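Visitor: Take this structure, written in structure tokens, and hold onto it; I'll ask about it next.
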Amino acid sequence: MPSKLTRRKFLQANSVALLVAQLPITARGADDATKAPVAKTATAKTVQSKPGKWVRWDEREKQQVTAAVEQPSLFYWQGKGPNHQTALFIERFKEFNPCKHVVTCSSGTAAVHIAVAAAGIGPGDEVITTPISDIGSISGILFQQGVPVFADLGASTYNLDPKAVERAITSKTKAIVAVHLAGTPCDLGALKAIADRHQLVLIEDCAQAWGARYQGKPVGSLGHIACYSLMNSKHIGTGDGGVVASSDPRFGPALLKFADKGNDRTDPAYTWDKTAVLATNYRMSELQAAFGAVQLQRLEGIAAKRAALGRIFIEGISGVSGVLPPALPATDRGTFWFFYLRLQLDRLRCSRLQFVEALRAEGAACSAGYIPVPLYRLPYFQQHAFFGGRWPVKELGLTTMDYTGVRCAEAEAILSTGVNCPLNESMDETLIRETAAAVRKVAARFAV
Ligand SMILES: *Cc1c(COP(=O)(O)O)cnc(C)c1O
């Protein structure tokens, strides 16, 4: 274990802090509490409350996994009868997002890759997407030899700005991968209208937005294909796992094939020599499906709690000079995978790091930023070195994309001025109100 000082410095300097922010607060807090030098006066801190015990799974998941183990096969396609876990998972998934075709898979990254492949993206096809996300939102585009085109974001939604998307459209554009960052729904009305107008496939990456709603409808139900992650730190999880879903007859039936090496297991007459599409193996086993089926029953409770806490946090920091809360229309439900606010540094006499340190001194859990750089700044984008150091679509003249020239100003500002506060269902209103009060106090202290 690194020393406390080393660890803290590391966290401040690095947005790997987000990963830590997703750990149970109790685990981190205990470490800090036992090793920290005694605070000047404990009562001086604005944040006095602590999160409760964060129980993410219990006997119910254990029982369901036991039921899965009682089957003779743990293969997703072979289970039958009441113990078939994949079928149960899909049934429960459809209760909250009633898509016609729902396919379980190994990760959120797999889900997006399957979606992009099912959308027919091929060499040189452009897919408009966001520069701020998990790389899993983008890697599938590259693996299908598509060209990610980064569009800029809304200053306070942190999601694709529909106007920027429209400007990025060319004759080669085939799809949009829209990410509902941190649980805030994208402007799906505008994005869907653009997709329809230009005949683009709208793929929703809902990995951070389980349970979120756009104008009353679940995110993932408005675009053509929806992708979800069940990775450990998401709202609900199976350790690792994913879901990809669609109601569109053009894409829905293809999802299963692209998750399972091109096999069409729905066709009783299917034999391997009929395999017509190249696809890798992204299957999920019955064990994860069993676990996930119970996790899905927890989803609404988790989503509702996070949505309520996030609203309270927004209210608590609205109108504070130097601080920009996230934007969330009253008609939408955000489910806050984390809570991200921005600093207006021209209105504060401090750096972001000083603000974060002062917030922490008030007892608030927080870290600076999210991912360290926009995705287009990753070395393999800058060097166009995706496959063995090369990029065939560029060498073949199928694209003129030059990522060294890409700049999304708002996205860069979002990353350089953001403060990330963990928010989850183990927390209560009091803790969130105290954290908001700490933000107000620190902003007032540094106000110009
Ligand atoms: C987590 C995440 C992914 C990738 O999910 P994995 O299950 O880790 O592969 C993709 N997109 C977004 C927005 C995510 O947050």
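The values are calculated or read from the model by the stated rules, or taken from the named source; none is laboratory data. Here the structure is a predicted model, which means the values were calculated and not measured. Neighbour counts are summed over all protein chains in view; Cβ atoms, including those assigned to glycine, are modelled from backbone coordinates with ideal geometry. Quick note on the areas: whole protein, heavy atoms, side chains included, nothing else; ligands and nucleic acids left out. Shrake-Rupley method; radii C 1.70, N 1.55, O 1.52, S 1.80 Å.
Visitor: Could you say which residue among K163, K174 is surrounded by 19 or more Cβ atoms within 10 Å (Cβ to Cβ), basic (K, R) and modelled with pLDDT of 95 or more?
Guide: Just a single option satisfies the conditions, and that option is K174.
Visitor: Scan region 325-340 and give yes if some residue there is open to solvent by 60 Å² or more (accessible area, probe 1.4 Å), over 22 Å from C186 (Cβ atoms) and not in a strand (DSSP E or B), otherwise no.
Guide: No: zero hits.
Visitor: Looking only at region 208-220, which residues are in contact with a Pro (Cβ under 6 Å, 6 or more places away or on another chain) and open to solvent by 10 Å² or more (accessible area, probe 1.4 Å)?
Guide: Once the filter is applied, which keeps residues that are in contact with a Pro (Cβ under 6 Å, 6 or more places away or on another chain) and open to solvent by 10 Å² or more (accessible area, probe 1.4 Å), region 208-220 yields only Y214.
Visitor: Would you check if L202 is touching a Leu at 6+ places or on another chain (Cβ under 8 Å), within 16 Å of the ligand (Cβ to nearest atom) and part of a helix (DSSP H, G or I)?
Guide: No; evaluated as a whole, the condition is false for this residue.
Visitor: A follow-up question, please. Consider T157 against the criteria (1) open to solvent by 10 Å² or more (accessible area, probe 1.4 Å); (2) on the phi > 0 side of the Ramachandran plot; (3) within 16 Å of the ligand (Cβ to nearest atom): it satisfies all of them except one. Which criterion is unmet?
Guide: The single condition T157 does not satisfy is (2).
Visitor: Tell me, please, whether a residue that is within 16 Å of the ligand (Cβ to nearest atom) and open to solvent by 10 Å² or more (accessible area, probe 1.4 Å) can be found in region 131-138.
Guide: The answer is yes, given that some residue of region 131-138 is within 16 Å of the ligand (Cβ to nearest atom) and open to solvent by 10 Å² or more (accessible area, probe 1.4 Å).
Residue-by-condition table, conditions (1) within 14 Å of A110 (Cβ to Cβ); (2) surrounded by fewer than 24 Cβ atoms within 10 Å (Cβ to Cβ); (3) out of contact with any helix residue (DSSP H, G or I) (no Cβ under 7 Å at 6 or more places or on another chain):
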position: L222; (1), (2), (3): no, yes, no
position: H235; (1), (2), (3): no, no, no
position: G252; (1), (2), (3): no, yes, yes
position: A259; (1), (2), (3): yes, no, no
position: N263; (1), (2), (3): no, yes, no
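Visitor: Need pairs with beta-carbon distance below 6 Å; first residue under 19 Å from R445 (Cβ atoms) and within region 318-333, second in a loop (DSSP other than H, G, I, E, B) and among the small types (G, A, S); sequence gap 6+ or separate chains.
Guide: L324/S156; P325/S318
Visitor: Further, regarding this structure: Might you let me know whether region 278-294 holds any residue that is β-branched (V, I, T) and touching a Leu at 6+ places or on another chain (Cβ under 9 Å)? Break it down into steps so the answer makes sense when it comes.
Guide: Keep residues of region 278-294 that are β-branched (V, I, T), which gives 280, 294.
Adding the requirement that they be touching a Leu at 6+ places or on another chain (Cβ under 9 Å) leaves none.
Within region 278-294, not a single residue is β-branched (V, I, T) and touching a Leu at 6+ places or on another chain (Cβ under 9 Å).
Visitor: Let me ask something else. Output the number of the condition that A269 fails; it satisfies all remaining conditions of (1) open to solvent by 50 Å² or more (accessible area, probe 1.4 Å); (2) closer than 22 Å to L202 by Cα.
Guide: (2)
Visitor: I've got another one for you. Counting just the residues of region 237-250 that are open to solvent by less than 30 Å² (accessible area, probe 1.4 Å) and either part of a loop (DSSP other than H, G, I, E, B) or at pLDDT below 95 (or both), which one comes out nearest to the ligand (Cβ to nearest atom)?
Guide: Quick first cut of region 237-250, residues open to solvent by less than 30 Å² (accessible area, probe 1.4 Å) only: 237-238, 241-246, 248.
Narrowing further to those that are either part of a loop (DSSP other than H, G, I, E, B) or at pLDDT below 95 (or both): 237-238, 241, 248.
Working: G237: 9, T238: 10, G241: 7, D248: 21 Å.
Residue satisfying both the conditions and the ranking: G241.
Visitor: If you scan region 42-54, which residues turn out to be touching a residue at least 60 places away in the same chain (Cβ under 8 Å) and open to solvent by 80 Å² or more (accessible area, probe 1.4 Å)? Spell out the reasoning first.
Guide: As a first pass, look at region 42-54 and keep what is touching a residue at least 60 places away in the same chain (Cβ under 8 Å): 45-54.
Q48, K50, K53, listed by residue number.
Visitor: Only residues that are in a helix (DSSP H, G or I) and either closer than 13 Å to E362 by Cβ or among the hydroxyl-bearing types (S, T, Y) (or both): list them for region 411-432, please.
Guide: Going through region 411-432, the residues in a helix (DSSP H, G or I) turn out to be 411-417, 429-432.
Result: S416, T417, T430, L431.
Yes/no matrix, rows are residues, columns are (1) part of a loop (DSSP other than H, G, I, E, B); (2) away from the ligand (no atom under 16 Å from the Cβ); (3) open to solvent by less than 20 Å² (accessible area, probe 1.4 Å):
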residue: A87; (1), (2), (3): no, yes, no
residue: R92; (1), (2), (3): no, yes, no
residue: V103; (1), (2), (3): no, no, yes
residue: T109; (1), (2), (3): no, no, no
residue: V112; (1), (2), (3): no, no, yes
